[in-house]
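A short worksheet on the structure shown next.
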Amino acid sequence: MRRKWHSHRSRTLVSACLALTLLCFVRFNVLGQERVFSFHGKVLDGETGLPLPGVTFRVLHTGRGTVSGGDGAFLLTLPAGNYTIVVSSVGYLADTLSVMLRSSLEQTIKLKPSPVVLQEVLVEAEDPGVGIIRRAIANKRRWMDLLQCYEFDAYTKQILRRDTSIASITESYTRGYWRRNDGLREVIHQRRQTENIPAAQNFTIVGQILNFNEDNIRLGGYTFVGPTSPDAPENYEFKLERIYEWRGVRVYEISLKPKSILKPLFDGTISIADSTYAVMRVNVKPNEAFRFPFIQGLTVNYQQRFSLFDQIFWMPVDISIQAGAELNVPGITLPPFRLEHRSVLYEYRINPAMSDSIFDLHRITVDSAANKMDTTFWQANQVLPLTTVEEIAYRTLDSTQTLEKQFRPRGILASVSTVFQSPIRFLDWRFNRVEGLFAGGRLKRDSVLTPWTQVAVGAGYGFSDKVWKWDFNLTHQILRSPFLSAGIQAYRKLDHRPDENFFSPFIISLGSLIRKNDYRDYYQASGWNGFIDFQPWRFFSLQLGYRSENQKSVANNTDFSLFSRNLRYRWNPTIHDGDLSSLELSIALRRPRRGRFVTVGGLRPEDPLLRVRVEHSAPGLGSNFDFTRYAFVISFRQPTFLSGLLFAPQLNLRVAGGTATGVLPPQRLFDLESRYTGTGPFGVLRTLRVKEFSGDRYLSASVEHNFRSLPFHWLGVRYLEREQIELIISGGLGRTWLTSQTANELPFVVRTTDGWHKEVGFALSRIFGLLRVDFTWRLGKDSGESFFSSLSLADIF
């Protein structure tokens, strides 16, 4: 009996010990985790009752804080305790709250507008706001030069809307590093997004922090005159709206109005601190000069709020950008869209010691931890609370509602684009007077054999010349930086006398089928070539190659066309048949990229600043020909005035030429590039007929000045100005020469210019946003037509 009692007592003691141990574990575990509560609610204007966005909340003696959202909502997540929170906004009296957090607390806060500070009114020739701006211009360098670098933490949210509904939400927490002359670097350490956005595509960051204390402000590719630039009084009308006190600082609120609609300028209000004359609040929008092709109804509003750090530096703590527009491309329709960007910057560290390695990073760096969402972090660091609508969007936007689906373009051009994305893109077809209809296919594959090897093959049949053609291309990338690749090609193809590729095979096929007008002179080539492509810098490239092929003459084999059946095709000239082996060198010097668009000249890539091509053929290389052919192209584009515009008036110049030593065979002659079947892009001579002038030496130049839509503004033609129709003045000249040595060897007669060919004209561009119409006159002693019109694609940029 005693033994049973002892056994029972032992079990009871063990149970009690286990219970006590568990209780202690739970207690210590709970005590080890700080309980976190939220202080949330809305902040309102004390007089109107309207929500106040961008109100700053600072928790004294901590680095914590937040900013109210667009609906005035705020949220602070803090451990249990007693806090003093300062609530402030420029233009309102600050409020200091004593908050005891023992549970989550909701509160509505009403801020009273700052009383206007009365001062003696003096009758002056200019508004007092102008004098304040002049003092800001004179004083700003005193404190701006003290700011050498800074760090900050930031939260950023971007909302994309389709019509009025939310299409996507992306958020991120970043750490930013800024240093004078090095700019800004940002590291994303946490990010999240609605399910229809892949995490790898979420690069939401603060991005560019506009400094409205600078003389020039870059926004969207435009250069704006800053409100405190030395040139500001000549470009803006300033008016002092009110003076008030804010946290012991006298604040001047000044409205600014652009004096010109041609220069990029801002319209809105700025607030300037009396202590340092620094810009401390901005609420502006760009003027009419801020516009883009195919964009209608563009609205942009930029707001930036500042707080004072270290008693001298006004640093941005809240950046808000709201932009809306509608794409208007003929043949394509898209739903209107609106982008809302909001960044809150906090935890500033002014002029800290910074490692140079930070600025070796890319502008945007994604930390490895960002790819895994830390739910605890997001709960403890909510800076801007989600609105009810945004919370619903997070729940309802799934992976099937991609942006491609929500913003799918509609219209005729969109349907055509869909067709070319189908298997039809593998087809290779063309029509010309030698092959007739050529039908075949082409296939290209990357990462063949190695990740850096590309293979392309093509084959097809010409139904009029009854010849199969084929080609095989193998390219291997040896180095990535500097770029170095090598390749080899083997082929039997229909080749043509060298030209500058102004007209694609598709355009030439249309010209042949519609007007029996074939732009090129052809011959058949069978053989191979190898090349090495080297690009040590982004602006410089070099290609060296060797060619070995058999070339032979071909003749017209068809007289077919869909229209103009009473016309006849131009005769395809014979060549000197034989084996042509040559060494080829090509050098290109391109314009360094400086953050602007680099695609110009219609839809074609921008020509290099300088391109030189040399081909040397000699019997010692196994060739039946002995010559050296040199060709060059110089392209020059330069804004002439109003350079702050993204699409400033500009001068375009293109000079091309070539010469040779030895005897050029007919398949290597030079031709003056001409208009073709009513089309005439920049660089061709628009009053010439196809292959009108040739030779073994040539020189041509095309020049034009694009005045944009400024002449229509000056003339008061508002409709053309609103439609962004551009006026262009153009001119061109060209000349060819033919040595007697080459002329005696040619199997046909070549016509040279016998002096300089000259032409002048004008153009209207961006008609329907896409087209350009040129009107050109042929000058000099030439018979035939003297006036020509031509159609081409407009320069988009």
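The values are calculated or read from the model by the stated rules, or taken from the named source; none is laboratory data. This structure is a prediction, so every number in the text was calculated from the model and none was measured. Reconstructed Cβ throughout: ideal geometry from the backbone, glycine too, with neighbour counts over all protein chains shown. The protein model used for the area step is the full one, side chains on, heavy atoms only, and it has no ligands, DNA or RNA in it. Shrake-Rupley method; radii C 1.70, N 1.55, O 1.52, S 1.80 Å.
Here are some notes:
- The angle between the Cα long axis of helix 505-515 and the longest principal axis of the Cα atoms of the chain comes to about 50 degrees, rounded to the nearest 10.
- Note on the stretch 663-797: antiparallel DSSP beta bridges, both residues inside, total approximately 95 percent of the bridges counted.
- Against the chain, whose longest principal axis comes from its Cα atoms, helix 128-144 is set at around 90 degrees.
- Lys/Arg +1, Asp/Glu -1 at C-beta; the stretch 369-481 dipole; positive extreme among Ser464, Asn432, Gly411: Ser464
- Based on DSSP H segments of at least four residues, each scored -39500 (n - 2.57), the chain has a per-residue ellipticity at 222 nm of -4000 deg cm²/dmol.
- Across the stretch 183-198, coupling constants 3J(HN,Hα) worked out from phi with the 6.51/-1.76/1.60 Karplus curve, θ = phi - 60°, read x, 10, 10, 10, 10, 7, 10, 8, 8, 8, 6, 5, 5, 7, 10, x Hz, and Gly and Pro carry x.
- For the pair the stretch 408-469 and the stretch 646-693, the centres of their Cα atoms are 28 angstrom apart.
- Protection proxy ranking of 404-414, 425-435 - average other beta-carbon atoms within 10 Å, highest first: 425-435, 404-414
- Ranking by accessible area, most exposed first, for Trp452, Trp178, Trp378, Trp756 with a 1.4 Å probe: Trp452, Trp756, Trp178, Trp378
- Per-residue Karplus couplings for the stretch 559-565, computed as 6.51 cos²θ - 1.76 cosθ + 1.60 with θ equal to phi - 60°, are listed in order as 10, 7, 7, 6, 9, 6, 6 Hz, Gly and Pro entered as x.
- Solvent-accessible surface (1.4 angstrom probe) belonging to Phe463, in square angstrom, nearest 10: 120
- Long-range HN-HN contacts of Ala278 with modeled amide H, under 5 Å: Ala273
- Accessible surface, the chain, averaged per residue in Å² (probe 1.4 Å): 51
- Within the stretch 143-216, trypsin sites (Lys or Arg not before Pro) in DSSP loop having at most 16 other beta-carbon neighbours inside 10 Å: Arg180
- Among the chymotrypsin sites (Phe, Trp or Tyr not before Pro) within the stretch 331-375, not one is in coil by DSSP while having at most 15 neighbouring Cβ atoms inside 10 Å.
- Extension gain for the segment Glu745 to Gln379, taken as residue separation times 0.36 nm less the Cα-Cα distance, is 123.3 nm to one decimal.
- The GluC sites (Glu not before Pro) of the stretch 743-797 that meet both conditions, a loop assignment by DSSP and at most 13 other Cβ atoms within 10 Å of the site Cβ, are Glu785.
- Spacing of the modelled spin labels on Arg102 and Ile392, each 7 Å from Cα toward Cβ, amounts to 3.8 nm.
- Per-residue 3J(HN,Hα) values for the stretch 398-410, derived from phi via the Karplus relation 6.51 cos²θ - 1.76 cosθ + 1.60 with θ = phi - 60°, read 9, 5, 7, 8, 5, 5, 4, 6, 5, 10, 4, x, 10 Hz in sequence order (x marks Gly and Pro).
- Accessible heavy-atom area order of Trp571, Trp777, Trp143, highest first, probe of 1.4 Å: Trp571, Trp777, Trp143
- Nearest-10 value in Å² for the accessible area of Thr62, using the 1.4 Å probe: 70
- Potential extension, Asn139-Arg442 segment - 0.36 nm per residue separation minus Cα distance: 102.5 nm
- In degrees, nearest ten, helix 2-32 long axis to first principal axis of the chain (Cα): 60
- For the pair Ser789 and Asp215, a Förster radius of 56 Å applied to the C-beta separation gives a FRET efficiency near 0.80, rounded to the nearest 0.05.
- Shown are Arg668, Arg64, whose ranking by accessible area with a 1.4 Å probe and every protein chain present, most to least, is Arg64, Arg668.
- Range of Cα positions in the chain per principal axis (Å), largest first: 121, 103, 48
- A quarter of the convex hull surface defined by the alpha-carbon atoms of the stretch 660-797 gives 9.7 nm² as the mean projection.
- Placed amide H near Asn556: partners under 5 Å, 5+ positions off or other chain: Asn572
- Cα-based Rg / Dmax (Å) for the stretch 226-295: 13.7, 48
- Stokes-Einstein D in µm²/s, Kirkwood radius over Cα pairs - the stretch 289-358 at 20 °C with 1.002 mPa s viscosity: 138
- Solvent-accessible surface (1.4 Å probe) assigned to Thr299 amounts to roughly 70 Å².
- For the chain, a crude dipole built from +1 on the beta carbon of Lys and Arg and -1 on the beta carbon of Asp and Glu, taken about the Cα centre, is about 2020 debye to the nearest 20.
- Residue-span extension gain [Phe359 to Arg722] - 0.36 nm each, minus C-alpha spacing: 126.4 nm
- Rounded D (µm²/s) - the stretch 134-178, Kirkwood Rh over Cα pairs, Stokes-Einstein at 10 °C, 1.306 mPa s: 112
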